[in-house]
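Report on one structure; see the data block that follows.
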There are 6 protein chains.
Amino acid sequence: MTYLQNDLAQLATVSTATITMVLLKHGLRNVWLRGTRPLGTGQHRIVGPAFTMRFLPAREDLATPASLASGRSTRAAIEDMPAGSVVVVDAMGTTDAGVFGDILCARMKARGVAGLVTDGVVRDVSGVLGTRFPVWCQGTAAPPSVAGLTFVGWQEPVACGGVAVFPDDVIVADDDGAVVIPKALIGQVIAAGADQERLEAWIMTEVERGVPLLGLYPPNADALARYAATKPGI
Amino acid sequence: MTYLQNDLAQLATVSTATITMVLLKHGLRNVWLRGTRPLGTGQHRIVGPAFTMRFLPAREDLATPASLASGRSTRAAIEDMPAGSVVVVDAMGTTDAGVFGDILCARMKARGVAGLVTDGVVRDVSGVLGTRFPVWCQGTAAPPSVAGLTFVGWQEPVACGGVAVFPDDVIVADDDGAVVIPKALIGQVIAAGADQERLEAWIMTEVERGVPLLGLYPPNADALARYAATKPGI
Amino acid sequence: MTYLQNDLAQLATVSTATITMVLLKHGLRNVWLRGTRPLGTGQHRIVGPAFTMRFLPAREDLATPASLASGRSTRAAIEDMPAGSVVVVDAMGTTDAGVFGDILCARMKARGVAGLVTDGVVRDVSGVLGTRFPVWCQGTAAPPSVAGLTFVGWQEPVACGGVAVFPDDVIVADDDGAVVIPKALIGQVIAAGADQERLEAWIMTEVERGVPLLGLYPPNADALARYAATKPGI
Amino acid sequence: MTYLQNDLAQLATVSTATITMVLLKHGLRNVWLRGTRPLGTGQHRIVGPAFTMRFLPAREDLATPASLASGRSTRAAIEDMPAGSVVVVDAMGTTDAGVFGDILCARMKARGVAGLVTDGVVRDVSGVLGTRFPVWCQGTAAPPSVAGLTFVGWQEPVACGGVAVFPDDVIVADDDGAVVIPKALIGQVIAAGADQERLEAWIMTEVERGVPLLGLYPPNADALARYAATKPGI
Amino acid sequence: MTYLQNDLAQLATVSTATITMVLLKHGLRNVWLRGTRPLGTGQHRIVGPAFTMRFLPAREDLATPASLASGRSTRAAIEDMPAGSVVVVDAMGTTDAGVFGDILCARMKARGVAGLVTDGVVRDVSGVLGTRFPVWCQGTAAPPSVAGLTFVGWQEPVACGGVAVFPDDVIVADDDGAVVIPKALIGQVIAAGADQERLEAWIMTEVERGVPLLGLYPPNADALARYAATKPGI
Amino acid sequence: MTYLQNDLAQLATVSTATITMVLLKHGLRNVWLRGTRPLGTGQHRIVGPAFTMRFLPAREDLATPASLASGRSTRAAIEDMPAGSVVVVDAMGTTDAGVFGDILCARMKARGVAGLVTDGVVRDVSGVLGTRFPVWCQGTAAPPSVAGLTFVGWQEPVACGGVAVFPDDVIVADDDGAVVIPKALIGQVIAAGADQERLEAWIMTEVERGVPLLGLYPPNADALARYAATKPGI
C-alpha cells in the first residue's frame, strides 16, 4: 500500500462533498458511487481500503443454495477480510436479491470490518440494523443472493454504482453516500481536504452574517485575504 | 382455498427472507414483489390471501373524475374485500398517480383488510399514515389515480413488482418488502419456515461468540449436530 | 403577475392532492413534478411563485470549478431571487451531482426564499438539513454541480420532473411532493380548493362512522344533501 | 360493434400520423403504442378490431413447457381469433422472451388474422419473416414465451406500449407504428381523417413550390381559401 | 463565429470516430449525442453550425393544436434557420411524439438546412424519407409534437442526447451518429483530424497484411517511422 | 474442454430458438444475452467457445489514450484469442463508447476469430461492416472505448446482456441474437437440438396444410405418432 492507516485517520474529518471537489480539481469526475446511501440513521463516516467482491447475474446451474457452502462463496471472502477494510460489493445494481443478511453482517463486524458499500441491497433489514454494522446500499430485498446473483470472486477490480474500484483504493462513506479515492491520490486529498473544510466553514459564517455569494464562494482575492486574517498563526 | 386461516397465523412468525429461501429450494426465484416497501415506520408483518386489483394506463376518455362513481370503480372493489385479505394492486409501477388516499385506506381498515401492497404509490401520505392502515408501496404522489391510471377490475390474475399474483395466493409483507407464496406451496413453506428461523437464530448466536462462517452457514454435519444438541426434546 | 401574495396565502391550507384533482377537472394531467420529495422530516407546506434555474449536462470545457465564479453562475442567480419565491431547478433528473450544498441553501434562506424544488439532488445533506431551508429533491450526492452539470441561466421556462414550469407559475409542495399551478388557473384553484378540502374532511368522518364508499366518495345527490346540512350558514 | 367492416376500409387510406392528430383534437393524447415498430420492411398498413392477449411475468410453477398444451394457452387463443382482427399482445414490454415464433404466426395467417401488434418481441425472426404475416413489435429474442412470461387470457382489457386497449377498439399500424382508436370515436376519425390527408397533401405541394410555413401550416383563412379553390366541385 | 464555412468543409472528410478521439485528447469525454442515428440508409456525412431548438414536456394548457400557429412555434423557428446549419432539437429523449413530419422536413430542405439531429423522433417516416432531408433521430412516432411536447424557443443552449450544445458549436453526423465540436476547438480538430485519418488508414493496411496490434495500434516509435516512410514528401 | 470442435459443428444447424427451449427444459431460464443483435444483414450463425473480455466504467486516471498501448490493453487480449472462439465483451450495456472499431475487427478476423458478441456497441460502423467480421451488439457510437470504459482483463467470468458467461462456455448467435450454453450441457443440447428442429419443421408443414394448433404444438400422442410415421427409418 502507498498509504498508512494513520493517513486514513486524517480523512475521517473530511466530508465526501469536499473529497469529490478535490478530485474534480485533479480531473476526476467519475468517482461517486451512484445509488448507495446509508441504511441506518446516524451511521458515522467510515474510511478504509477497499476490499472488493464481484457478483454476476444468477445462472440456475451455478447460483444454488448448495453453492453457498463452496470454497469460493461469499463466506470464504468474508473470512479473508482484513480489519479496517471497507467492503465494496459489485452487485451490478441488482435490487431484487440481497447480497448479505444479518448473519454475514454480524460476522463482518466481528472481524473488525469498517463497513459495507454496495450498489445492491441487503436482506433481513431489521436483523442487519440490529448488528449495528455500517451499511451503504440501495435498499432491501428478502431473497438470498443466489436467487438473483452468482458470486465469482474477491479482491478483483469491480464496478460499483457506475465507478471502477480497485482493491486498496480508499473508500469514504458518509451521509451523502460513498466516494472512491484512487490509491495514487490519497496524499493530495489529505493535503487539500482539511484546508478546504476550514475555508468552507469560514464561508458559512460569512453567509450567516449576511455576506452575498459573489466574490465569497468561491472566494476572490479580497475574501481570501479576510479569511487568511482569521487563521491563527498566519 | 387450500389453506386455513390458522395455517396463515403460523406464517406470521416467519420472515420474508426465510420464505424466499424456502421457495428458492422449491425452484421459485421470481416471487419477490420489486419496488414495494413499508410506507410507515414500525408496520408489523402482515399475512393474508391476495385480493387483486388491476389498473391500465389512463386513457382520457375512460380515466375521468366521473368514472370514480361507476359500479366498476376502485370503490366497488373495496366494498367487495373480505376481512383478513391483503390487497395487491397492479399499478404497472406507475409512480405519478396515487392508487389510494386517506379516505380509501380508512375504509379498507374499517372493513378489516390486513394491508395494501402495490407497485404504485399512494396519495395524501400524511392522511394515509394517519389511518394506521399498513401500506407497502413505492412512495407517494398527489395526483388521483384517474390522472394516470384506468381501473379495470378485481380478483383477476395481476402483475405486481414484476411478479404474477393470483387471487388466493398468500402474501407476506414485512420490513424487507413483500413476497407471494403460491397457494399450492403454503403447506411446505409453513413446514420449513419455522425450522429455518430457529436454525438461523442458533447460527447467529454462534457468530456472536466468534465462530467463523465456513461450515457454519450453511451448516455442515458437525454444525448440525451441535445445533441438534441445543434443541429441547431432541 | 396575475395574482397577489395574499391569494397565495389561501393556498397554504390546500393539499397537493386536492390541487391536482382540481387541475385534472380543468383538463390538466401533467402538473405533478415526478421524483421530488421532502428532504427533511416535518417540512411545512410551501407556496410561492416559481423562480426557475436551468442546467445542461456537464461539458468538460464549460463545467469547471472556475465557472462557479462567473457572472452567470448559480451564485448570481441566487442573488437575484426575490423573497417568497420557490426555486425550481431543472437538473434533468441528474442524481450524481448536487445542485446546491449547505452554503447556497443558507444564503437562499437568508434572502427569504420559500424553498427549493428540484428533480436533481443536493450535496452535504447534513449541512443542508442544518440550515433548515425547506428542500424537495430526489436525494443526495456529494459531487459539486460542475462535476455533472453546466448551469446556463435563470427565469427561463424549464422542465422539472417531467413537467413544464414557467417563471411565475405557482408551486405548492408538501409531504406528497410538488405541483405546478399555471398562472392563469390560480384563481380557480383557490376557489375550488378550500371547498374540496372541507368536503373530503366530511367524507372522512362519514367513513370513520362506517358509511360505505358507493354514493359517498364521490358523493351522490343524497350525500351532498347530508353534507350541505352540516355546513354552518347554508 | 359500433362500426362496420367497410367503415374500417376507409381508414386504410389514413396514416397513423393523421389519426393521432384527429384524436388529439378530441382530447386524447395517450393512444400511441410505444416501442412497437414494423418487423419486416414494406409491411402494408393494417386496420382491424383489436383481439387482445394478456401475459404476466413468468412464475416457475406456472410458466412451463407443459403449460403450452393447456386449454388456456396462447394456442387456444389463436384458434379463437376472428379473421380480420389485429392481435394486440400485452407482454408488459418484455424483450427477453418471444411471444410467438414462426409456427404461431403461420397459423394466425392461415386464420386470416390481419396482423400482430405487441410491446414484446417475437422469436425465430427469419422464420416469422418467412410467413409474411405482418408484425409490429420491439424486436426479437430466441427464448420461448414461457421462459419469461405467463399467459393468462384473451379478449380482456390490456395495456400495450403504455396504452389501454379494449377488445373491439380499432388498431391501425403503419410504418410509424401503431395507434388505438377507441370504439366510440371511429366515426369521427373516419370523417376527419380523409379531409386532413387531402389538406396536408395540398400543403406539401405548397411547400414544394417554396411557400413559407407561417400561415400555411396550420393554414390561416387565406390559405384555406386557396386550398378550397383547388378542390373539385367546391 | 470563430470559424469559416470553408474550415467546415475540411471536416467533411473526418469521421465522428476520429473527431471523438481528438476531443478526448483535449479532455472532452461528453461530446457524443446519445441515442441518435441515421434515419435513412446511405445518408452522407453532414457538417455545420448548430441551430438549436428547445422543447419542454407537454402541458395541456400550452401544447395544443392551436399553438402550432403561434409566432413562437416550430414553424417560426424553421423560417429563421440559415442555410448550411444543422438543426439540433432537444426533445429530452421523448420517443412518443414526433418533433417534425414530412412537411416541416421538406421546408427545411427548401431553406438549405444541412440536416436534423434530435434525441427525439420524427413522424410520418415514409413522408420524411421521401423528402430526402438527412435526419438523425431515435426512431419514429406518429403523434404530433404537441401531443407530448411544448416548444419554447430556438438558438438557446440545449441538451441533446445527454450533451450540452450551444448555438454555433459545430455538429458532425455520419453513420455512427452525431458529435458536437465546441466552437473554440474547431481549429484543433481540423488540424489533427486529417492526420489521424491518414494514420489509421495506414494501420489498417498493416493489419490487413498480418501485422499484430501491439506496437502498431497505437503505433510505437518504430511503427511511426515506418508510417513516415510511406508519406509522400516527408 | 469437455467438448470437441466437431461437436460444435453439429450446433451450427440448431437455431437459438431451439437451444433456449432445450435449456429451459433443463431448468435454465437466464441464458439469453439481452440487447445484442446482428450488426450486418445476412450474418451467418456462429458457434464457438467463449473468449471473455471485461470492462469497467471509465475512470479518468485509468481510461486514457495512453492506456491503449499497455500490456493489459484490448490489443493484448486480441493477440491472445484462439481461432474459432467467440469473443464475449462485457461492456456493462454501455452504449456511448465503442468497444472496437474497424482495425480491431480486421485483426480479430485475421486471427480466425468466429465473431464478436457484446452488450455494448462498436465504433466506425461502416469500417466494421467493411471487414465482414460478424458482430452482435447494441448499435454504434463513435467515441473510443477509453472515453467511457476501463479495460481490466480477459478470460475471466463476465456478465453480458444480464447473463453470466464463463470462458469455454459455448456461444451460439444468429438472427435472433445470442445464447450461452453452459459447458456441462453441450452434449444434451446437441442431442436434443437436431430432433427438436426436425419436429418443428414437420409441425410447420402441418400448419401450412391447415391443421389447428391444439394437440399439434406441442404435439399430443396422436400428433407424435403421425410425426413418427414421417421419419425415414423409424
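Observations on the model:
- Residues located in segment F:115-138, provided they are without any contact (Cβ under 8 Å) to a residue 60 or more places away in the chain and not aliphatic (A, V, I, L, M): F:123, F:124, F:126, F:127, F:130, F:131, F:133
- Counted residues, segment C:134-158 - those being at positive phi and either more than 14 Å from chain A (Cβ to nearest Cβ) or modelled with pLDDT under 95 (or both): 2
- Residue E:24 within 8 Å of another protein chain (Cβ to nearest Cβ) and either at pLDDT below 95 or over 19 Å from residue E:161 (Cβ atoms) (or both): no
- Residue within segment E:171-192 that is out of contact with any Asp or Glu (no Cβ under 6 Å at 6 or more places or on another chain) and under 18 Å from residue F:66 (Cα atoms) present: yes
- Per the listing F:130, F:161, the residue uniquely at pLDDT 95 or above and at positive phi is F:161.
- Qualifying residue in segment D:79-87 (condition: under 19 Å from residue D:36 (Cα atoms) and not small (Gly, Ala, Ser)): yes
- Candidate set from segment C:1-35 (those that are surrounded by fewer than 21 Cβ atoms within 10 Å (Cβ to Cβ) and of a type in the set (Lys, Arg)); member that is farthest from residue B:139 (Cα to Cα): C:25
- For segment A:120-131, the set of residues classified as in a loop (DSSP other than H, G, I, E, B) and more than 8 Å from every other protein chain (Cβ to nearest Cβ) consists of A:120 only.
- Residue that is surrounded by the fewest Cβ atoms within 10 Å (Cβ to Cβ) [pool: residues in segment B:180-234 that are more than 13 Å from every other protein chain (Cβ to nearest Cβ) and among the hydroxyl-bearing types (Ser, Thr, Tyr)]: B:230
- Any pair with Cβ under 8 angstrom, 6 or more apart, that starts in segment F:20-37 at a residue that is farther than 17 Å from residue F:92 by Cβ and in contact (Cβ under 8 Å) with a residue 24 or more places away in the chain and ends at one that is of a type in the set (Val, Ile, Thr) and assigned to a loop (DSSP other than H, G, I, E, B): F:20/F:31; F:23/F:31
- The criterion of being surrounded by fewer than 20 Cβ atoms within 10 Å (Cβ to Cβ) and either at the interface with another protein chain (Cβ under 10 Å from one of its Cβ atoms) or among the aliphatic types (A, V, I, L, M) (or both) does not hold for residue E:102.
- Residue within segment B:127-148 that is of a type in the set (Ser, Thr, Tyr), buried (at least 24 other Cβ atoms within 10 Å of the Cβ) and out of contact with any helix residue (DSSP H, G or I) (no Cβ under 8 Å at 6 or more places or on another chain) present: no
- Looking only at segment B:39-80, and only at residues there that are under 18 Å from residue D:159 (Cα atoms) and aliphatic (A, V, I, L, M), the one that is farthest from the other protein chains (Cβ to nearest Cβ): B:53
- Taken over segment D:179-234, the residue count meeting the criterion of being among the basic types (Lys, Arg) and either touching a Phe, Trp or Tyr at 6+ places or on another chain (Cβ under 7 Å) or touching a residue at least 60 places away in the same chain (Cβ under 8 Å) (or both) is 1.
The values are calculated or read from the model by the stated rules, or taken from the named source; none is laboratory data. All values reported here derive from a predicted model rather than from experimental measurement. Here Cβ is always computed from backbone atoms with ideal geometry, including for glycine, and neighbour counts include all displayed protein chains.
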